[in-house]
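> Please see the structure below; I have some questions.
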Amino acid sequence: MNMKLPDINVKKFVKEAGSTLSRVVQLTEEKLGTAEKTELDSHFEHLAERAECTRNWTEKIVRNAEAVMVPNPGNRMEDYIFEKIEKKKPTRLSNLEYLGLDMIEAGGEFGQDSPYGSALIKVGHTEQKLGSCERDFIGSVGICFTQPLRKFLEGEMKTITKEKGILETKRLDLDACKNRVRKARSMLGQQAKDGLSPEAVLEQAERDLRIAQAEFDRQAEITKLLLEGIGTSQAGHLRHLHSFVETQARYYKQCGQIMDDLQKELASLGGPTPYIPVGLEPEQNQPKVPGNDEMKRARVLCSYDAKDHTELNLTANEIILVAECSPPHSDYMYGKQGLLKGLVPRAFLEIIDDANE
């Protein structure tokens with residue numbers, strides 16, 4: 001059976017192979033310092049550096065934002081694959097929803113009429129609501145923030161990278177032509193070689209140089225226009241950033257409202273008073289904080305590491321303000337370190353005088 005071989009343009013193949021070899025030689029000589037290199041102007045270099053900086057930081061921001069939204073790297077990879085093959089992403093439960101399901105099931109086992117069982121069921125339903133809100137939040141962030149930035153990386157930045165590569169190729173061709181012109185000029189006055197006079201060789205080399213210069217200038221202008229577009233892209237990224245912040249604020253506000261409703265429901269069930277850390281109590285329940293006129297200066301005798309969040313860390317020889325606790329405590333006083341407030345042990349203090357003296 002006769003098989004038809006594909007047509008091969010031998011001349012074109014040889015020409016392309018010759019051009020590739022010429023570029024390799026030019027690049028090698030440049031690295032060795034034996035050939036000159038055409039430098040781009042400083043404005044172009046600035047635009048190129050800005051584009052590269054934008055690409056690097058955008059990649060990091062997208063990668064970190066996606067890690068925040070979907071912490072599991074396996075899930076992120078799965079989502080990426082489904083996105084590439086344009087398939088609907090699998091619906092998976094979040095950790096909050098799994099927690100909610102277990103709480104609801106446990107509440108049923110313990111008895112929905114019991115205080116603990118009833119509370120577990122209510123909390124479980126709330127965790128499911130939070131999980132649903134989280135899923136909506138992740139989807140919204142993808143639409144308004146990470147997807148547009150990734151589209152920029154895979155579209156505009158890839159085009160810029162491609163055109164910069166073409167420009168480098170044109171630049172190597174241009175410098176190779178310049179070298180051939182210099183060599184041809186150095187051969188003037190010598191005998192003809194391979195049937196061509198040095199003048200004819202120079203004429204051909206100069207013609208190639210003009211063509212190479214025109215192609216380089218055209219490619220430099222195309223690449224420059226693309227690089228200048230980075231400023232417009234960053235303005236777009238700013239809008240996406242605002243959308244991200246608005247989405248995040250709305251999400252946390254929604255979560256806060258859900259948790260407020262849950263606390264009211266739990267309070268209506270009765271039971272123990274929830275623990276509230278010192279410093280986070282509602283303002284109306286906080287004890288009156290002594291004013292500076294009620295406080296005295298004290299020197300710290302030796303350093304002290306706070307045992308918990310209710311105490312202050314102390315450094316030897318520092319001066320702080322102290323006052324009696326209300327009601328008074330035999331082992332502790334109320335202390336202030338600038339904006340920090342908390343309990344300090346009496347044994348580590350030496351009262352100096354009144355603060356307002």
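The values are calculated or read from the model by the stated rules, or taken from the named source; none is laboratory data. Treat the numbers as computed from the prediction; the structure is a model and nothing was measured. Backbone-built Cβ (ideal geometry, glycine too); neighbour counts: all protein chains shown.
> Listed residues T126, T146, T161; which is surrounded by fewer than 19 Cβ atoms within 10 Å (Cβ to Cβ) and of a type in the set (S, T, Y)? Can you show your working first?
Values: T126 fails: surrounded by fewer than 19 Cβ atoms within 10 Å (Cβ to Cβ); T146 fails: surrounded by fewer than 19 Cβ atoms within 10 Å (Cβ to Cβ).
Unique residue meeting the criteria: T161.
> How many of the residues making up the stretch 97-133 are in contact (Cβ under 8 Å) with a residue 60 or more places away in the chain and of a type in the set (A, V, I, L, M)?
Quick first cut of the stretch 97-133, residues in contact (Cβ under 8 Å) with a residue 60 or more places away in the chain only: 115, 118-119, 122-123, 126, 129-130, 133.
Retained after the next criterion (residues that are of a type in the set (A, V, I, L, M)): 119, 123, 130.
The qualifying residues number 3.
> Would you call F82 modelled with pLDDT under 70 and surrounded by 13 or more Cβ atoms within 10 Å (Cβ to Cβ)?
Numbers: modelled with pLDDT under 70: yes; surrounded by 13 or more Cβ atoms within 10 Å (Cβ to Cβ): yes.
Yes; evaluated as a whole, the condition is true for this residue.
> Only residues that are loosely packed, with under 11 Cβ neighbours inside 10 Å and modelled with pLDDT under 65: list them for the stretch 12-32, please.
K12, F13, V14, A17, G18 - these are the residues of the stretch 12-32 that are loosely packed, with under 11 Cβ neighbours inside 10 Å and modelled with pLDDT under 65.
> Out of P73, P90, P115, report the one residue that is surrounded by 13 or more Cβ atoms within 10 Å (Cβ to Cβ), modelled with pLDDT under 95 and farther than 24 Å from S243 by Cβ. Explain how you work it out, then say what you get.
Working: P73 fails: surrounded by 13 or more Cβ atoms within 10 Å (Cβ to Cβ); P90 fails: surrounded by 13 or more Cβ atoms within 10 Å (Cβ to Cβ).
On inspection, the qualifying residue turns out to be P115.
Residue by residue, here is whether (1) exposed (fewer than 13 other Cβ atoms within 10 Å of the Cβ); (2) modelled with pLDDT under 90 holds:
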residue: T232; (1), (2): yes, no
residue: T247; (1), (2): no, no
residue: D261; (1), (2): no, no
residue: K264; (1), (2): yes, yes
residue: S268; (1), (2): yes, yes
residue: G271; (1), (2): yes, yes
residue: E283; (1), (2): yes, yes
residue: Q286; (1), (2): yes, yes
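> Oh, and also: Just one of the numbered conditions (1) closer than 30 Å to R182 by Cα; (2) surrounded by fewer than 16 Cβ atoms within 10 Å (Cβ to Cβ); (3) within 27 Å of the chain's Cα centre (by Cα) is not true of R210; which one?
R210 satisfies every listed condition except (3).
> Are any residues in the stretch 223-274 within 28 Å of R150 (Cα to Cα) and of a type in the set (K, R), and if so, which ones?
The answer is K224, R239, R250, K253.
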